[in-house]
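First comes the structure, then the notes that go with it.
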Amino acid sequence: MLLCHRILPRLLSLPSSPASKLLIRPSRFPPRRPFLPRCAALSQLAAPQSADHSDAEESADHFDAEEPQEPQEPQEVQVKLPLDRLFLPPGASVTPGDEEVVTARVLKGSNIVLGTYARGDAQVVNADFIKSSVRPDDCPRDGLPEFALVGRSNVGKSSLLNSLVRRKRLALTSKKPGKTQCINHFKINDSWYLVDLPGYGYASAPQVARKDWDEFTRNYFLSRDNLVSVFLLIDASIPAKKIDLDYASWLGQNKVPMTLVFTKCDKRKKKKNGGKRPEENVECFQNLIREYFEAAPPWIMTSSVTNQGRDEILLHMSQLRNYWRKH
């Protein structure tokens, strides 16, 4: 519980109401149910202020145990969404009259409500590279819960992974996209996995290689019973890409649990991204995804430069992981 006492005051601001009114009550959800809450476009997002930074591409070909630099304080991003646009995690429910209390428990920069399964195990104490696999059958078979990171090449996947574990070079970034070519497993706290998957949409890679990456990645999604959720990374510094919408649509059609992670939310290159700020690109993506889903999945805004969204992702993973273990 020590972690929650340290993190929650920064993430949430609960109203001064009696504890008995926190009516986020447990309920039973079937495991591996796709996360499709009723969600629409963002509203009233306050943009974080930060300097511009060059793009970083990722690779998971080399690993080390270098200690992190002092982390920067996450940016404050205020999100105000009506109740029917929020994501209620598994094991939570809302009754009429709870709207104000539930809204106050939304993780900043997201549509995700903090539920009863978010506990003191969210912090990353240790992280180790375990193995690289070229087939799902070669992946670890210990049955530990795992979260897969996937996204278009150059989306900042390995940078996000390094930010989550507070290690600069657990997964090396690279100037050349498409370097991650295997299913890479990292064991966290000796109890669960982060999985770095090959990026998609890298045009310079040979067609045969792109086909192989896509095939074994999708086979991994469909065959891993211990896959708790896929975290689909979307570049928020540029307008929505059809390839990202298609990938999200495929995950939804195959009932693979998914969370949208919008990266590079610190960028402010208005001329380069059509004059839109990251939060405007996020809103546009939310509008477009409604064509593919009855309702949108949970989403979080992040930056590996400012560490925005890092604690929110870990808390979200914690509540999903703890529910998965119990059910």
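The values are calculated or read from the model by the stated rules, or taken from the named source; none is laboratory data. The structure displayed is predicted, hence computed values, not measured ones. Cβ sites come from the backbone with ideal geometry, for glycine too, and all protein chains shown count toward neighbours. Only protein heavy atoms, including side chains, enter the accessible area calculation; ligands, DNA and RNA are left aside. Shrake-Rupley method; radii C 1.70, N 1.55, O 1.52, S 1.80 Å.
Points worth noting:
- Sequence-distant residues sharing a close amide H with Ile234 (under 5 Å, placed H): Val261, Phe262, Thr263
- Here the Karplus relation 6.51 cos²θ - 1.76 cosθ + 1.60, evaluated at θ = phi - 60°, turns the backbone of the stretch 301-317 into coupling constants of 8, 9, 8, 6, 7, 9, 6, 4, x, 5, 5, 5, 4, 5, 5, 4, 4 Hz, with x for every Gly and Pro.
- Between Arg119 and Glu215, the modelled labels are 4.2 nm apart [label points 7 Å from Cα along Cα→Cβ].
- Solvent-accessible area of Phe87 with every protein chain in place, 1.4 Å probe, in Å² to the nearest 10: 10
- Of Lys80/Lys241; Lys131/Lys267; Lys108/Lys131; Lys157/Lys255; Lys168/Lys241, pairs whose Cα-Cα distance is over 31 Å: Lys131/Lys267; Lys108/Lys131
- Potential lengthening between Asp190 and Trp250 on full extension [0.36 nm per residue; Cα-Cα distance subtracted]: 18.5 nm
- Surface accessible to a 1.4 Å probe, Arg290 within the full protein complex, Å²: 110
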